[in-house]
Amino acid sequence: MARMRWRIIWKASPRACATASIRCHWRGNSLAAALGGALVVCGAAAYVSLQDEQRDYRMKAAFLPDRGVVKVLGEDARNFLGGLVTTDVERIGPGSGRFGALLTPQGKIVVDFLITEAPSGDGGFLLDCPRALAQTLADKLRFYKLRAKVTVENLSDGLGVIAVWDGEAGALPDLAFADPRQPSLGLRILAPKQLAPKIAELIGAELVDASAYEAHRIACGVPRGGLDFIYGDAFPHETNMDSLHGVDFDKGCYVGQEVVSRMQHRGTARTRIVRIALDGPSPEAGTTILAGDKAVGTMGSTAGERGLALVRVDRVADALEAGHALTAGGLSLRLADPDALKSAAKPSVA
């Protein structure tokens, strides 16, 4: 059975009644008759349900308050972004997404993001990024604008991000795409926060707190900037962007490309984010990890018995070979996958 897609048309103007209209279509054919007319969500108003949609109680959806959205619009938008960011914008279309970053000229991450193209008729590209850095990203892109025919807008006050995982949605809005970093991360949906409960119901998911997604992200071993690494201080390889499909090594030039390409081909990334296992209380993020009395890394985010850490691969490998235990803040920890150290610094083309 083909997957149904539906469109969210959000009117942000306070004079437009702050309504959100959802038009349903099946590969271009209207489902209005089958659904009893157009679906309109206004405040807490009732709406037509999808009677044939079976709820998958395993599937989860969470609105992510730490994420924002920046839009880049204009006839030069694709070429403009393609010359700046690590991902190949030529491979992005409506309903698909890529993982990428804007770097400093020295090759360090200014901000990372997921990017998708807006549906045909709306145009432009939407960047799902850390909300705390959304304005910084918008300002940086404007700095590089020069004479390019583009406009850059921070939409984070009205448009947010919903994560969906552990299931397959039967119906999807237009601004939805698979998370390109890992299949286990599921889907991303760009929508206003007030529509999250309605969207979760329409796709057949249970709406849960953002902390549930954080635990899932950590279990998948996917880092989060600001917790697992510091923006402006980390190279893409150090945050595993090369193995998370965040760097396209065959694309044209972009800011910081020379440094990233050198690290890729020489295999000089000595620092990596790795999954760790905890047998007791969790050390705070930022705590130094020790092997004996030697610093080998820094703690990142944790959830229950799982966590992430930014470590010097060579030092941790030496510590394990010597039989030294790893600790952080006096608390013991261990690598969840010790064998991953053997290939952590090897180049991998995304």
> Taking only pairs six or more apart or across chains, which ones have beta-carbon atoms under 6 Å, a first residue in region 219-233 that is at negative phi, and a second residue that is of a type in the set (Ser, Thr, Tyr) and open to solvent by 20 Å² or more (accessible area, probe 1.4 Å)?
Replying inline: 220/184; 225/231
> Can you name every residue in region 147-158 that is out of contact with any Leu (no Cβ under 6 Å at 6 or more places or on another chain) and either of a type in the set (Phe, Trp, Tyr) or in contact (Cβ under 8 Å) with a residue 24 or more places away in the chain (or both)?
Replying inline: 148, 149, 150, 153, 154, 155, 156, 158
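Yes/no per residue for (1) aliphatic (A, V, I, L, M); (2) closer than 17 Å to residue 130 by Cβ; (3) buried (at least 22 other Cβ atoms within 10 Å of the Cβ); (4) modelled with pLDDT of 95 or more:
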| site | (1), (2), (3), (4) |
| --- | --- |
| 148 | yes, no, no, no |
| 157 | no, yes, no, yes |
| 170 | no, no, no, no |
| 174 | no, no, yes, no |
| 185 | yes, yes, no, yes |
| 189 | yes, no, yes, yes |
| 194 | no, no, no, yes |
> Does region 239-262 hold any residues that are part of a helix (DSSP H, G or I) and crowded, with 21+ Cβ neighbours inside 10 Å, and which are they?
Replying inline: 239, 260
>> Within region 131-224, considering only helices (runs of 4 or more DSSP H) that don't extend past its boundaries, which have at least 3 residues that are closer than 30 Å to residue 274 by Cα?
In response: 134-145, 210-220
> Looking at (1) under 17 Å from residue 246 (Cβ atoms); (2) crowded, with 19+ Cβ neighbours inside 10 Å, which is the one condition that is false for residue 178?
Replying inline: (2)
>> I need the full set of residues from region 109-124 which are small (Gly, Ala, Ser) and either modelled with pLDDT of 95 or more or surrounded by fewer than 16 Cβ atoms within 10 Å (Cβ to Cβ) (or both), in order please.
In response: 120, 121, 123
>> Name the single residue that is farthest from residue 315 (Cα to Cα) among those in region 263-274 being touching a Pro at 6+ places or on another chain (Cβ under 7 Å) and loosely packed, with under 14 Cβ neighbours inside 10 Å.
In response: 265
> Can you find a residue in region 125-143 that is at pLDDT below 95 and surrounded by fewer than 16 Cβ atoms within 10 Å (Cβ to Cβ)?
Replying inline: no
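The values are calculated or read from the model by the stated rules, or taken from the named source; none is laboratory data. Model, not experiment: these values are computed from the prediction. For neighbour counting, all protein chains shown are included, and Cβ atoms are generated from backbone atoms with ideal geometry for every residue, glycine included. Remember, those area values only see protein heavy atoms, side chains included, never the ligands or the DNA or RNA. Shrake-Rupley method; radii C 1.70, N 1.55, O 1.52, S 1.80 Å.
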